[in-house]
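S.K.: Pasting in a structure now, in structure tokens, and then I'll have a few things to ask.
The values are calculated or read from the model by the stated rules, or taken from the named source; none is laboratory data. None of the values given here were measured: they were computed from a predicted structure. Note that we place each Cβ from the backbone using ideal geometry, even for glycine, and neighbour counts take in every protein chain shown. The accessibility values were calculated without ligands, DNA or RNA, using every heavy atom of the protein model including side chains. Shrake-Rupley method; radii C 1.70, N 1.55, O 1.52, S 1.80 Å.
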Amino acid sequence: GAGVSQSPSNKVTEKGKDVELRCDPISGHTALYWYRQSLGQGLEFLIYFQGNSAPDKSGLPSDRFSAERTGGSVSTLTIQRTQQEDSAVYLCASSPIRNEQFFGPGTRLTVL
Amino acid sequence: LAKTTQPISMDSYEGQEVNITCSHNNIATNDYITWYQQFPSQGPRFIIQGYKTKVTNEVASLFIPADRKSSTLSLPRVSLSDTAVYYCLVEGAGKSTFGDGTTLTVKP
């Protein structure tokens with residue numbers, strides 16, 4: 001079946017612009033995660049959605065970052081007024097109840 | 001959530017068994033231990049998951065002692081294609097924190 005998909009695969013933007021990153025999880029997966037990975041680094045947790053519960057936003061680095069998940073499926077990560085330090089690969093993962101996470105290919109964001 | 005500690009890097013040769021150990025001293029009762037593999041420019045991929053004792057699948061084994069404060073991923077007879085970053089992750093019902101991972105380099 002289809003895996004987790006993310007779009008766009010690459011995004012180049014200018015400092016100060018807003019960007020939206022999209023994640024389509026595997027159908028039926030109740031949990032959805034967003035991570036950020038800078039070059040050569042590990043994964044930094046950003047936000048977690050589980051079903052209809054309030055999301056865990058504790059990993060968002062600033063109030064410029066926000067995310068939503070509509071209808072328990074598609075999720076959008078929005079970064080407002082982008083900065084150069086926001087440049088990274090943004091990874092989305094979805095999971096069924098038993099915690100194994102299935103990752104998408106990521107969106108590479110470059111802020112000029 | 002429990003913090004994990006792994007060696008930064010390991011080298012091995014083709015055909016050898018590789019064991020990567022992860023420490024997670026603050027693991028909670030309901031947490032599971034999961035290992036992921038990541039190749040450059042790809043998202044991490046699930047390898048194996050366990051709660052206690054030993055788990056084995058077609059690609060790896062996971063050894064977890066009784067106190068669950070550490071775990072060891074065992075890769076039998078590695079090949080060049082096993083060169084990757086390996087992440088140990090302690091996962092509960094919610095936020096998950098990846099450590100910095102172990103870069104495994106397999107040499108011919």
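S.K.: Would you kindly find the accessible area of A:ASP56, with a 1.4 Å probe and non-protein molecules such as ligands, DNA and RNA excluded, rounding to the nearest 10 Å²?
M.R.: 50
S.K.: Let me ask something else. On a 1.4 Å probe surface of the protein chains, which of B:LEU80, B:LEU73 comes out largest in accessible area, and what is the full order?
M.R.: B:LEU80, B:LEU73
S.K.: Enumerate the calculated ³J(HN,Hα) couplings along the range A:27-42 in order (Karplus 6.51 cos²θ - 1.76 cosθ + 1.60, θ = phi - 60°), each rounded to whole Hz, writing x wherever the residue is Gly or Pro.
M.R.: 4, x, 6, 8, 9, 9, 10, 10, 10, 10, 10, 7, 4, x, 10, x
S.K.: Please list 3J(HN,Hα) in residue order for the range B:9-21, calculated via the Karplus relation 6.51 cos²θ - 1.76 cosθ + 1.60 where θ = phi - 60°; whole Hz, with x for glycine and proline.
M.R.: 8, 8, 10, 8, 10, 3, x, 7, 8, 10, 10, 10, 9
S.K.: Averaged across B:43-56, how many Cβ atoms of other chains sit within 10 Å of each residue's Cβ atom?
M.R.: Taking the mean over all residues of the peptide, I get 3.
S.K.: Which pairs in the list A:LYS11/B:LYS69; A:LYS11/B:LYS54; A:LYS15/A:LYS57 are over 31 Å apart, alpha-carbon to alpha-carbon?
M.R.: Flagged as over cut-off: A:LYS11/B:LYS69; A:LYS11/B:LYS54.
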